[in-house]
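Worksheet: one structure, shown below.
The values are calculated or read from the model by the stated rules, or taken from the named source; none is laboratory data. Because the structure is predicted, anything quoted here is derived from the model rather than measured. Cβ placement follows ideal geometry from the backbone for every residue including glycine, while neighbour counts extend to all protein chains displayed.
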């Protein structure tokens, strides 16, 4: 016997319909690339999204067609999130920080039919356009006044939208229909596409909203600094509509001062970004002596949050850190370091130790760790293994790669090495490709980086394994000094004493002016391994391992 309940498909359009009906006066604030601040409401956004859906129809976009975007975080990009997916086509966000050759490959692989782009990217689009075999229309996300003198086949977003009536009903279709497409930011080979469904996107939005994850509500003013072209800004544009939170978009200005101004002016309570962005903001706050008067929670993901950063945000600024983990393949939300009741009874140091982990699952995601032979390992907080994931918003295969199967017995191999403790808190100890294997034992590069970042004279650090005559690999620390700091190699190596096993201590330190950064704000270690592959000599090894 089946239950006698209504059946309604989980569709992206239902999120904006809900927001327009129940939170129609809630604000959406955007710093535009044109240089000004734009503000309107969910109700007004819903009307413009319907007009934009009509625009897509006039441009020949049909259900299942891909709609590409090269855009910063802003209200027009948000309208595309709903117009494209809501109308049955597929939103394809593109990372403008990628090399043009990679962008060309991705757009052609996805077979985007229309490409929407912000004014910032006009020169890039002009260079790409002749090489894009599938794109029929190029739409500048501004008005006619900002079109170039020789617009060729370019169209003006605002002119297109204003020409439509908005008399449009969102179509109803199977919730398993594809909604959006994101490509991984892998550093080797061509990126791989992950094709999300309406069902997975809506369920993921619930997961992000839950109190034991990011916990967004109608009482929040949310600033997603994480780009909308990077795994859909961690799902925040969808969840904000689901719960009716105020949304503040930073546009292209993501320096410490610009973010501070927006946070203070718009009463931001929650901000989300990668550690390198938070570092820039903390440096600005320290230099200016300013305080954040409304910010309550800092969501940090994309890379491990250094313990020193966690401590500074919590102790110096009274901001609760939510440390998270996820991947393009997991939509991306996987875990969040939200404390359980028992953790609140511990000391401050014990709480920090838990918050420093990548966190625990909400319903909809499951994790396990396995050894090299595929045997599941215990959740004791000490045993490290290969991290595997499955769930309601985890991918099953890559886009346009029918001959590959990334699953192992129904689980996705994340490529991370991790531990899980008895309370379910997972901690990444390294990427499989970054783990340092010395004398047959594993050394966590992340743990060494976190310790180095705790030194008052270190701004950034990366630890890599480099070839060694006796031990196969030994750790080499590559660090960037803070402005004015005079920390040397001996000082920094002595800083590790008592914090780790002695044989984990890096063999040497190299100071550089800057570390290579990837397109999503993460440190890229491959160039460092190449540059310093011959740096260590056998006689610099520790006496024993």
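In table form, for the structure just shown:
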quantity: Residue tally, condition over 20 Å from residue 253 (Cβ atoms), surrounded by 15 or more Cβ atoms within 10 Å (Cβ to Cβ) and without any contact (Cβ under 8 Å) to a residue 40 or more places away in the chain, over segment 1-42; calculated: 2
quantity: Residue check, residue 191 touching a helix residue (DSSP H, G or I) at 6+ places or on another chain (Cβ under 8 Å) and either part of a loop (DSSP other than H, G, I, E, B) or not assigned by TED's automatic domain parsing to the domain that holds residue 81 (or both); calculated: yes
quantity: Residues of segment 458-472 satisfying the condition of being within 18 Å of residue 483 (Cβ to Cβ) and crowded, with 19+ Cβ neighbours inside 10 Å; calculated: 458, 460, 461
quantity: Among the candidates 220, 212, residue that is closer than 18 Å to residue 26 by Cα, over 17 Å from the mean Cα position of the chain (by Cα) and outside the structural domain of residue 519 (by TED's automatic domain parsing); calculated: 220
quantity: Residue tally, condition over 20 Å from residue 310 (Cα atoms), out of contact with any helix residue (DSSP H, G or I) (no Cβ under 9 Å at 6 or more places or on another chain) and either surrounded by 23 or more Cβ atoms within 10 Å (Cβ to Cβ) or modelled with pLDDT of 90 or more (or both), over segment 420-439; calculated: 3
quantity: Of residues in segment 43-74 being more than 22 Å from residue 129 (Cβ to Cβ) and under 19 Å from the mean Cα position of the chain (by Cα), the one surrounded by the fewest Cβ atoms within 10 Å (Cβ to Cβ); calculated: 74
quantity: Among (1) under 14 Å from residue 228 (Cβ atoms); (2) in a strand (DSSP E or B) - the single one residue 38 does not satisfy; calculated: (1)
quantity: Within segment 314-328, tally of residues that are part of a helix (DSSP H, G or I), closer than 11 Å to residue 352 by Cβ and touching a residue at least 24 places away in the same chain (Cβ under 8 Å); calculated: 1
quantity: Boolean, residue 254 is under 21 Å from residue 141 (Cα atoms), free of Cβ contacts under 8 Å to residues at least 60 places away in the same chain and assigned to a loop (DSSP other than H, G, I, E, B); calculated: yes
quantity: Residue 385 being touching a strand residue (DSSP E or B) at 6+ places or on another chain (Cβ under 8 Å) and at pLDDT below 95; calculated: yes
quantity: Those residues of segment 139-163 which are surrounded by fewer than 18 Cβ atoms within 10 Å (Cβ to Cβ) and closer than 13 Å to residue 50 by Cα, in sequence order; calculated: 162, 163
quantity: Test for residue 276: is it outside the structural domain of residue 24 (by TED's automatic domain parsing) and more than 28 Å from residue 45 (Cβ to Cβ); calculated: yes
quantity: Every residue from segment 474-503 that is buried (at least 18 other Cβ atoms within 10 Å of the Cβ) and closer than 22 Å to residue 417 by Cα; calculated: 474, 475, 476, 477, 478
quantity: Any chance residue 263 is surrounded by 19 or more Cβ atoms within 10 Å (Cβ to Cβ), touching a strand residue (DSSP E or B) at 6+ places or on another chain (Cβ under 7 Å) and assigned to a helix (DSSP H, G or I); calculated: yes
quantity: Test: residue in segment 338-357 that is touching a helix residue (DSSP H, G or I) at 6+ places or on another chain (Cβ under 7 Å), under 29 Å from residue 517 (Cβ atoms) and part of a strand (DSSP E or B); calculated: no
quantity: Some residue of segment 397-412 being outside any loop (DSSP other than H, G, I, E, B), surrounded by 22 or more Cβ atoms within 10 Å (Cβ to Cβ) and touching a strand residue (DSSP E or B) at 6+ places or on another chain (Cβ under 6 Å); calculated: no
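Here is a yes/no grid of residues against (1) farther than 26 Å from residue 13 by Cβ; (2) touching a helix residue (DSSP H, G or I) at 6+ places or on another chain (Cβ under 7 Å); (3) buried (at least 21 other Cβ atoms within 10 Å of the Cβ); (4) modelled with pLDDT of 95 or more:
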{"residue": "82", "(1), (2), (3), (4)": "no, yes, yes, yes"}
{"residue": "91", "(1), (2), (3), (4)": "no, yes, yes, yes"}
{"residue": "97", "(1), (2), (3), (4)": "yes, no, no, no"}
{"residue": "108", "(1), (2), (3), (4)": "yes, no, no, yes"}
{"residue": "117", "(1), (2), (3), (4)": "no, yes, yes, yes"}
{"residue": "126", "(1), (2), (3), (4)": "yes, no, no, no"}
{"residue": "131", "(1), (2), (3), (4)": "yes, yes, no, yes"}
{"residue": "167", "(1), (2), (3), (4)": "no, no, no, yes"}
{"residue": "178", "(1), (2), (3), (4)": "no, no, no, yes"}
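For (1) within 28 Å of residue 227 (Cα to Cα); (2) in contact with a helix residue (DSSP H, G or I) (Cβ under 7 Å, 6 or more places away or on another chain), each residue gets a yes or a no:
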| position | (1), (2) |
| --- | --- |
| 441 | no, no |
| 449 | yes, no |
| 458 | yes, yes |
| 489 | no, no |
| 492 | no, yes |
| 497 | no, no |
| 508 | no, yes |
| 527 | yes, no |
| 533 | no, no |
